[in-house]
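Step one of this worksheet: look at the structure below.
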Amino acid sequence: MHQDLDSRIQILLRQKNWPTLTKIQEMSFSSISTGKNTLIIAPTGYGKTEAAILPLLNQMIKNEVKPVAVIYITPLKALINDISLRIDWWASKLGFLVNRKHGEVPQKEKNLRLKHAPHILVTTPEGLEIDMDWATKFRDFYKNVKWVIVDEVHELINSKRGSQLALLLERLKRFSGYDFQRIGLSATVSSEKVVSDFLFGSSNRERAIIKLEGKRDFEIKIRKISNGSWEDAASSLVSSIEPPSLVFTNSRFSTERLHEELEKLGQKNVFVHHSSISRDIKDMVEEKLRRNESSAVICTKTLELGIHIGEIKKVIMFRPPPSVSSFLQRLGRSGHSVAGTPKGEIISMLDYDILESLALYEMAKHGKIERPLVDDSLDVVARELLGHLLQNQETTAEEFYSIVKGANAFSKVRFSTFLQMVKCLENNGLIKKEGEKIRLGPNFFRVWRFNREFKSIWCKDFSEFFSLINNNDTFSLRFEGKVIGEIDAVYVYKHIRVNDIIRISGRLWKVTRININKMSLDVIPENSRKGEIPIWRGENISKSYLVAKGESMILKRGEIEKEKEILDHDAYSTIKEMLQFYRDRDLPFPSDSTVVVEKRDDEWVYSTIIDEKIANTISHMMLYLTTKRYTLSTYSRASIYGFSIKGAPINLLEELKGMDDEKLVSLIKKSILRSSLFIATMKEIQPSFGKLGRKIDPNNDKFIVAEALRQTVRKYFSIKGTLNFIHKIRDEKTTIVFYNGETPLGDAVLSHVSIRPWLVDIVESIYEALKGGAYTASELSEVLGIPLKSLENKLKQLRKMKDKYKVSSFIDVDNKEVRWVLIEDFQSVVNSDDYFTSFTPSNVDETFIATLKSAERDSQVELIFKPRDVIENPDEIRRRIPFEDIGELKVMDMNDMAYSTPLKFYGISRNVIPYILLNATTYIQSVKFS
């Protein structure tokens with residue numbers, strides 16, 4: 001027991017039946033108590049939370065502190081409840097109030113924190129962002145902050161959320177006027193200095209890194225499923241599960257699919273846990289684990305981090321995880337204590353899964369972990385500048401740049417680059433400059449709107465401003481008013497219809513209603529046996545460079561006898577047969593210094609063991625050359641096993657070898673700019689720079705294009721690595737071998753998803769641009785970058801559609817322009833302030849005649865009506881029309897039929913006819929009386 005520990009805390013330790021502090025808690029106590037910025041590094045289950053909080057509680061007892069004294073930041077909302085309870089157990093008994101902040105905290109609890117501000121606040125980076133930017137009253141309590149704890153800091157450092165937090169801590173330091181103590185909690189990392197520099201930022205306090213030396217032992221078994229089917233995978237799981245077990249997968253689809261198969265086998269008390277399931281359901285599953293009421297939970301990385309879920313007997317990984325750090329995190333969920341030994345299995349579906357599993361084992365055994373790569377994205381800086389202006393109303397470029405430079409993530413950003421970013425924000429109206437002062441601009445609240453019901457590519461919901469999590473558009477699934485999960489919007493648009501049955505959260509649900517405007521599906525439980533499992537975007541996770549390095553080492557060695565004890569019979573035999581295949585044909589094993597080239601029909605296959613970013617770069621270069629020279633009917637592939645290209649008549653690797661570096665770099669950049677990855681990155685960062693719903697102009701938007709390119713390269717490609725790869729081939733340090741046949745690792749290359757040329761989906765783009773508004777063809781042409789004539793032809797085609805893409809048009813009476821609108825949005829447009837006058841006749845008792853022709857048969861009907869009839873009884877107007885789709889509508893003034901030209905509309909649904917009639921009569925009267 002530490003001698004400086006207050007007697008009241010010692011009593012609580014005895015209540016916990018803790019005879020002493022753990023080693024990491026003892027080691028941390030002095031450095032934290034003496035005010036040093038401290039990074040605590042230890043595996044999960046070693047009591048890092050108490051290592052940080054107990055010395056602070058000790059200080060809080062000795063010194064009178066005001067709320068909020070401690071901010072505890074965790075990367076996951078899921079951890080907040082667990083951490084709050086753990087800290088509250090100590091703090092409440094010592095007279096300190098603990099509070100939590102995240103989006104799902106009840107409003108009553110949120111209101112309470114203003115009346116009784118907590119001494120310790122547990123939140124996420126997004127929660128801190130909201131308070132700093134928008135919580136004008138509560139924010140004042142942050143002037144009392146003395147300590148900030150960042151949990152799972154290794155999880156944040158590589159992401160935009162991490163660099164967001166780094167800037168927030170610098171803003172908090174400036175706001176509080178105090179150099180508060182910073183404490184980080186981390187799993188084992190490869191570079192303590194990178195992590196500590198990232199966390200400590202501009203703080204002038206002394207630093208300490210507290211780390212448990214030595215590698216933690218673990219037990220692992222690698223198994224192979226005989227024929228790689230889902231049924232066999234489930235059967236294998238049944239024999240592996242030792243209650244309670246965690247079964248980790250690499251995708252939400254696999255999680256649901258495995259649960260479906262286990263259900264067929266009659267397995268009970270098996271649950272599902274992933275990011276697209278509601279918080280309530282995840283809480284229920286976690287509680288089942290804590291109460292030992294679950295035999296297994298199938299999960300993604302949502303249970304990788306330190307949520308308290310009780311004693312886990314065994315971890316099973318369905319297919320190898322993508323990185324060594326993820327492997328260790330998952331394995332560490334079993335043996336979750338100082339004395340415990342992590343125990344697990346990896347189940348391999350494909351032959352090369354075994355190779356990846358062995359590579360993970362080798363790297364972990366030798367203490368090799370991925371190096372952290374601090375994110376320095378400038379859209380984060382832009383967002384923080386805007387948040388700073390929400391907080392302070394004004395700033396200067398010099399003042400905010402000093403905050404930016406204080407964050408280690410942005411220490412290399414030049415002032416000239418920062419000023420370019422400021423100019424970009426000013427050009428797009430997010431900020432305005434008045435002399436030296438910078439303030440929010442006129443377009444800020446046009447881009448970030450408070451209307452939650454209004455969804456459009458032209459703006460964002462204001463609540464999204466505080467988060468840098470890249471959420472794809474999703475539909476929420478609701479049962480009896482409660483959200484039970486979410487699925488991708490693209491999947492809904494393409495596949496989901498009313499009465500469809502889908503599987504999510506391990507249950508079947510029947511879709512009873514699709515609400516496009518609110519982006520929600522109403523569902524009810526379904527008792528049938530089969531349902532569709534949704535596909536979620538963004539589930540293909542890149543493999544770590546260390547996995548490739550480990551595989552290359554194994555293949556160069558050419559034998560696996562040392563690893564035989566961790567392989568089951570089928571896994572061992574599979575790898576032995578793979579190695580023997582190459583020996584029998586006198587072929588060198590593919591490795592980081594050997595490329596085996598095969599021609600499979602119309603596809604060139606290059607098998608090697610390579611960093612996936614390099615493979616991705618080369619495959620995109622080849623794809624660019626093929627589409628430019630030969631055909632659009634092409635695709636490429638990329639993985640740690642190599643790359644391929646379909647449709648090229650020549651060996652493009654040979655051509656790349658002959659290019660100088662300048663041409664190679666130019667080709668790399670051109671191919672990236674044509675990739676869907678660049679388009680996705682551009683779409684992600686545009687809101688931060690105020691460029692929503694408008695076409696990017698390469699000349700006027702050079703800063704945004706350059707930043708999107710930089711981020712895309714950083715995340716998905718490697719220019720330097722690719723140049724080195726080609727140099728080694730050119731210098732004959734890498735061997736190229738041609739083989740007239742099919743090889744096992746060539747099969748591995750071909751098993752990966754194809755990368756196709758990025759061709760803009762015009763229909764989907766028009767739909768997204770029109771969503772929630774009404775626009776002229778010329779406005780849409782400018783936004784989408786589609787020639788006006790082509791766009792007008794496409795709009796005319798969309799009038800004939802019978803799904804959500806169906807459009808119609810009306811006349812903007814104020815400026816005599818034709819505006820296009822989605823049929824599903826027509827009513828909201830009619831009722832909007834912008835266009836209400838275009839549907840308001842000046843004389844509601846004037847008589848008109850309408851002629852309507854059916855779109856599907858040779859039939860027409862005439863209506864004689866007054867605008868009053870349409871306004872007072874629109875359903876009667878609809879009832880008088882005997883067909884659903886109207887091909888042509890003519891409207892004329894009954895009193896002026898001899899001289900006036902009828903007003904014509906085309907491709908209209910019966911449902912919107914009343915609106916069109918009101919628009920026509922309003923326009924005719926405006927012309928007549930003008």
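Any read-out appearing in this document is the output of simple, stated calculations on the displayed coordinates, not a laboratory observation. What you are looking at is a predicted structure, and each value in this text was computed from that prediction instead of being measured. A quick note on method: Cβ atoms are made from the backbone with ideal geometry, for glycine too, and the neighbour counts reach across all protein chains shown.
Side notes on the structure shown:
- Whole-Hz ³J(HN,Hα) from phi, Karplus 6.51 cos²θ - 1.76 cosθ + 1.60, for the range 162-171, glycine and proline x: x, 5, 4, 5, 4, 6, 4, 5, 5, 5
- Calculated over the range 697-796, the projected area of the Cα convex hull averaged across directions stands at 11.7 nm².
- Panel values: the range 189-262, Kirkwood radius from alpha carbon pairs, Stokes-Einstein at 10 °C and 1.306 mPa s, translational diffusion coefficient 94 µm²/s.
- Using a simple spin-label model with pseudo-atoms 7 Å out from Cα toward Cβ, residue 284 and residue 433 lie 5.6 nm apart.
- Among [x] 31.2; [y] 32.7; [z] 30.1, the entry that matches Kirkwood radius over Cα pairs in Å as calculated here: [x]
- Look at the alpha carbon pairs under 8 Å that are at least 6 residues apart: their mean separation over the length of the range 1-98 gives a relative contact order of 25 percent.
- In straight-distance terms, cross-link reach from residue 866 covers every one of the lysines whose alpha-carbon lies under 22 Å from its own, apart from those fewer than eight places away in the same chain; here that gives 853, 890, 904, 928.
- For the range 762-929: rounded, prolate or oblate by the Cα gyration tensor [a/c cutoff 1.5]: prolate
- Relative to its Kirkwood radius, the Cα radius of gyration of the range 378-466 gives an Rg/Rh of 0.99.
- Added length on full extension, which subtracts the Cα-Cα distance from 0.36 nm per residue, residue 885 to residue 8: 307.9 nm
- Mean sequence separation of contacting Cα pairs (under 8 Å, at least six apart), scaled by the length of the range 586-750, corresponds to a relative contact order of 34 percent.
- Shape category assigned to the range 474-525 from the gyration tensor of Cα positions, a/c cut at 1.5: rounded
- Relative contact order for the chain: 9 percent, from Cα pairs under 8 Å spaced at least 6 residues apart, divided by residue count.
- Seen against the Cα atoms of the chain and their longest principal axis, helix 415-427 is set at about 30 degrees.
- The range 434-449 versus the range 713-775: alpha-carbon centroid distance in Å: 39
- FRET efficiency for the pair residue 519 and residue 417, taken as 1/(1 + (r/R0)^6) with r the Cβ-Cβ distance and R0 = 45 Å, rounds to 0.75.
- Full-stretch length increase - residue 720, residue 778 - with 0.36 nm per residue and alpha-carbon distance subtracted: 16.6 nm
- Cα-only Debye scattering, the range 338-410: base-10 log of I(q)/I(0) at q = 0.21, 0.27 Å⁻¹: -0.97, -1.24
- When the trypsin sites (Lys or Arg not before Pro) in the range 73-181 are filtered for DSSP coil states and for at most 12 other beta-carbon atoms within 10 Å of their beta-carbon, the remaining sites are 137.
- D by Stokes-Einstein for the range 7-211, Kirkwood Rh over Cα pairs, 37 °C, 0.692 mPa s: 193 µm²/s.
- Three-way shape label, the range 586-750, alpha-carbon gyration tensor, a/c 1.5: prolate
- All lysines inside 21 Å of residue 108 as judged from Cα atoms, apart from same-chain residues fewer than 8 positions distant: 77, 137, 482
- Separation between Cα centres of the range 210-242 and the range 632-654, rounded to whole Å: 34
- Spatial separation of Cα centroids for the range 571-594 and the range 796-873, in angstrom: 69
- Only helices enter this figure: runs of n ≥ 4 DSSP H residues, each worth -39500 (n - 2.57), summed and divided by the residues of the chain, yield -12500 deg cm²/dmol at 222 nm to the nearest 500.
- Contour excess over end-to-end distance, with Cα ends at residue 670 and residue 89 and 0.36 nm allotted per residue: 203.4 nm
- Under a 5 Å amide H cut-off, with hydrogens placed 1.01 Å from N, residue 395 pairs with 438 among residues at least 5 apart or on other chains.
- Crossing angle, helix 252-264 versus the chain [Cα axis fit, 0-90 degrees, rounded to tens]: 80
- In order along the range 741-751, phi translates into HN-Hα couplings of x, 10, 10, x, 7, x, 4, 4, 4, 6, 6 Hz, rounded to whole numbers, per the Karplus curve 6.51 cos²θ - 1.76 cosθ + 1.60 with θ = phi - 60° and x for Gly and Pro.
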